[in-house]
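The structure appears below as structure tokens.
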Amino acid sequence: MERISVFDIFKIGIGPSSSHTMGPWRAAQRFLKEIDIQHVVSVQVELYGSLAKTGKGHGTDLAVLLGLNGDDPVTIPVEAVQSNFQHIRATGRIRLEGWHEIAFEPERDVIFHFDQTLPHHANGLVFRAFYQNGEGISHTYYSVGGGFVVKEGEQDRISDTQLPFPIDQGDDLRRWCVQEDQNVSDIVFRNELTWRPAEQIRDDLMNIWHVMRDCIYKGCQTDGVLPGGLDVARRAAPLNRKLLENKPYHDVNDWVRQLSRGGHTFQKILKWVSCFALAVNEENAAFGRVVTAPTNGAAGVIPAVLMYHVCFSDNFIEEDIVKFLLTAGELGSLFKKGATISAAMGGCQAEIGVSSAMAAGALTECLGGSFDQVMMAAEIAMEHHLGMTCDPIGGLVQIPCIERNTMGAIKAITASQIALESDPSKAKVSLDAVIKTMKETADDMHTKYKETADGGLAVSVNIVEC
């Protein structure tokens, strides 16, 4: 099985899609590392399956161009994303890795194969480079969800990383927690020490949280209409103003203090959680900086639930942020190993469903739940997302994707509360069972409901009317 770090699950990058934007971006960067750039005279990219069908709406063409151009999704200024893309289109030139300039015409050199799918995954792409001597080279990659990229031939590669507590299923995690008499986050932290020292783990997790928090804050300050042609109006900013009742604030920390002091009625907290999730996914849809959690399309659930805990839980302490992300990351890796976190393979249950399960278990950990209650919360959250299709209108990560993040966040909180008030020994469904069921459901789901925009709302709703 794969050995997956929490920092593989949580990646900082650019929206709107981890599999259609982040993955192809990383594949382009990897391709350049594997060829002799200085002798390249031309490059072509071919997109297959779901990458072709919804590639325009998901910014796949933008991603491969910026990846080839030497831009990095973690460090590129958000305002440069569109301008760099448009510069390449306008000049017909691209600088491979930022230094080797060649002619590149996106309309000619990015090829969409709408009616073809590569054998190993719905998100396949092929890069071709041609050298001065007339020879060429091609590499095939698969964007398998959550920003993970696999090169052709690597599908069955076994990790040689040795962890003190190898975990492939929920039962493995249970065994280690019982044996070591520790919580989920404790076991995961000890595994993470394989890759990073303790202080760096904490610092890097806090950085992940700060990117999430800042994304919420930016989304709550930004009005306007989302790009892509559906003319979807942003709702987080006006909702933020309404809920704060014009109370002043100067920065993100001041803003958090103000909303934490506000009324904590059930209705108001419910609106805040929705506002947090809306803010993140509106930023995601606008090619903003987000964290895959475990994907971009579901990037709002975990930040919304964690912000809920930060602002509204009486027993919150800062160390809870580390516990939350460690627990959520491990739960996400269980779904990736046992099923999928790719909507192109499993529908939206693989994105919103997984993120909701991750958030539910993590919140339960922070609220003092036992191991069994943590697993029960994750199971409950996923159980009530089984079969959810991915049917983005216009191939954009907007309708129904943005609102689905609010639903996933609310379900996560509800699942956590149910688990905390339940006796897990009486549960009828285990987390491993629901992961297995999710995989079987994904396998049975018709392709048109897997991020192709060929079914569901994507064909039932008239785009012009949107």
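All but one of (1) assigned to a helix (DSSP H, G or I); (2) in contact with a Leu (Cβ under 7 Å, 6 or more places away or on another chain); (3) of a type outside the set (A, V, I, L, M) hold for residue 372; state the number of the condition that does not hold.
Going through (1) assigned to a helix (DSSP H, G or I); (2) in contact with a Leu (Cβ under 7 Å, 6 or more places away or on another chain); (3) of a type outside the set (A, V, I, L, M) one by one, residue 372 breaks only (2).
Would you pick out the residues in the range 258-312 that are within 21 Å of the chain's Cα centre (by Cα), assigned to a helix (DSSP H, G or I) and polar (S, T, N, Q)?
Correct list: 274, 281, 284.
Checking residue 164 against (1) assigned by TED's automatic domain parsing to the domain that holds residue 406; (2) over 23 Å from the mean Cα position of the chain (by Cα); (3) loosely packed, with under 15 Cβ neighbours inside 10 Å, which test does it fail?
Single failed check for residue 164: (1).
Considering only the range 246-257, state which residues are more than 14 Å from residue 275 (Cα to Cα) and assigned to a helix (DSSP H, G or I).
Once the filter is applied, which keeps residues that are more than 14 Å from residue 275 (Cα to Cα) and assigned to a helix (DSSP H, G or I), the range 246-257 yields 252, 253, 254, 257.
Restricting the range 60-96 to residues that are charged (D, E, K, R) and assigned to a helix (DSSP H, G or I), which is farthest from residue 41 (Cα to Cα)?
79
Determine which single condition residue 144 fails, assuming it passes every other condition in (1) of a type in the set (A, V, I, L, M, F, W, C); (2) modelled with pLDDT of 95 or more; (3) not assigned by TED's automatic domain parsing to the domain that holds residue 374.
(2)
Only residues that are of a type in the set (Val, Ile, Thr) and either touching a Phe, Trp or Tyr at 6+ places or on another chain (Cβ under 7 Å) or modelled with pLDDT under 95 (or both): list them for the range 257-303, please.
265, 269, 273, 291, 292
Hey, can you tell me all the residues within the range 351-369 that are among the acidic types (Asp, Glu) and not in a helix (DSSP H, G or I)?
Listed by number, the list holds a single entry, 351.
Please go through the range 5-27 and pick out each residue that is in a loop (DSSP other than H, G, I, E, B), crowded, with 24+ Cβ neighbours inside 10 Å and small (Gly, Ala, Ser).
Hits for the range 5-27 are 15, 17.
Can you find a residue that is among the β-branched types (Val, Ile, Thr) and touching a residue at least 60 places away in the same chain (Cβ under 8 Å) anywhere in the range 97-109?
yes
Filter the range 440-465 for residues that are modelled with pLDDT of 95 or more and farther than 21 Å from residue 51 by Cα and give the result.
Selection gives 440, 441.
With 223, 231 as the choices, which residue is within 28 Å of residue 145 (Cα to Cα), surrounded by fewer than 18 Cβ atoms within 10 Å (Cβ to Cβ) and more than 23 Å from the chain's Cα centre (by Cα)?
Matching residue, one of 223, 231: 231.
So which residues in the range 121-153 are touching a residue at least 24 places away in the same chain (Cβ under 8 Å) and in a loop (DSSP other than H, G, I, E, B), if there are any at all?
121, 122, 132, 133, 146, 147, 152
Among the candidates 252, 273, which residue alone is in contact with an Asp or Glu (Cβ under 7 Å, 6 or more places away or on another chain) and closer than 20 Å to residue 309 by Cβ?
Residue meeting the stated conditions: 252.
Among the listed residues 71, 61, identify the single one that is outside the structural domain of residue 215 (by TED's automatic domain parsing), within 28 Å of residue 449 (Cα to Cα), of a type in the set (Asp, Glu) and within 25 Å of the chain's Cα centre (by Cα).
61
Can you name the residue in the range 322-347 that is assigned to a helix (DSSP H, G or I) and over 19 Å from residue 191 (Cβ atoms) and is also modelled with the lowest pLDDT among such residues?
Filtering the range 322-347 for residues that are assigned to a helix (DSSP H, G or I) and over 19 Å from residue 191 (Cβ atoms), the one modelled with the lowest pLDDT comes out as 344.
Can you confirm whether residue 452 is crowded, with 19+ Cβ neighbours inside 10 Å and hydroxyl-bearing (Ser, Thr, Tyr)?
On the way: crowded, with 19+ Cβ neighbours inside 10 Å: yes; hydroxyl-bearing (Ser, Thr, Tyr): yes.
For residue 452, the condition - crowded, with 19+ Cβ neighbours inside 10 Å and hydroxyl-bearing (Ser, Thr, Tyr) - is met.
Quickly run through the range 233-254 and pick out the residues that are β-branched (Val, Ile, Thr) and either at pLDDT below 95 or out of contact with any Phe, Trp or Tyr (no Cβ under 7 Å at 6 or more places or on another chain) (or both).
Of everything in the range 233-254, nothing turns out to be β-branched (Val, Ile, Thr) and either at pLDDT below 95 or out of contact with any Phe, Trp or Tyr (no Cβ under 7 Å at 6 or more places or on another chain) (or both).
List the helices (runs of 4 or more DSSP H) inside the range 164-245, counting only whole elements, that have at least 3 residues being of a type in the set (D, E, K, R) and in contact with a helix residue (DSSP H, G or I) (Cβ under 7 Å, 6 or more places away or on another chain). Full working, then the answer.
Values: elements: 170-180, 184-192, 198-219, 236-244.
Correct list: 170-180, 198-219.
Scan the range 34-59 residue by residue and report those that are over 22 Å from residue 103 (Cβ atoms) and either β-branched (Val, Ile, Thr) or modelled with pLDDT of 95 or more (or both).
48, 54
Can you name the number of the only condition in (1) surrounded by fewer than 22 Cβ atoms within 10 Å (Cβ to Cβ); (2) within 26 Å of residue 204 (Cβ to Cβ); (3) of a type outside the set (Val, Ile, Thr) that residue 250 fails?
(2)
The values are calculated or read from the model by the stated rules, or taken from the named source; none is laboratory data. This is a predicted model, so every value here is computed, not measured. FYI the Cβ positions are ideal-geometry reconstructions off the backbone, even for glycines, and counts take in every protein chain you see.
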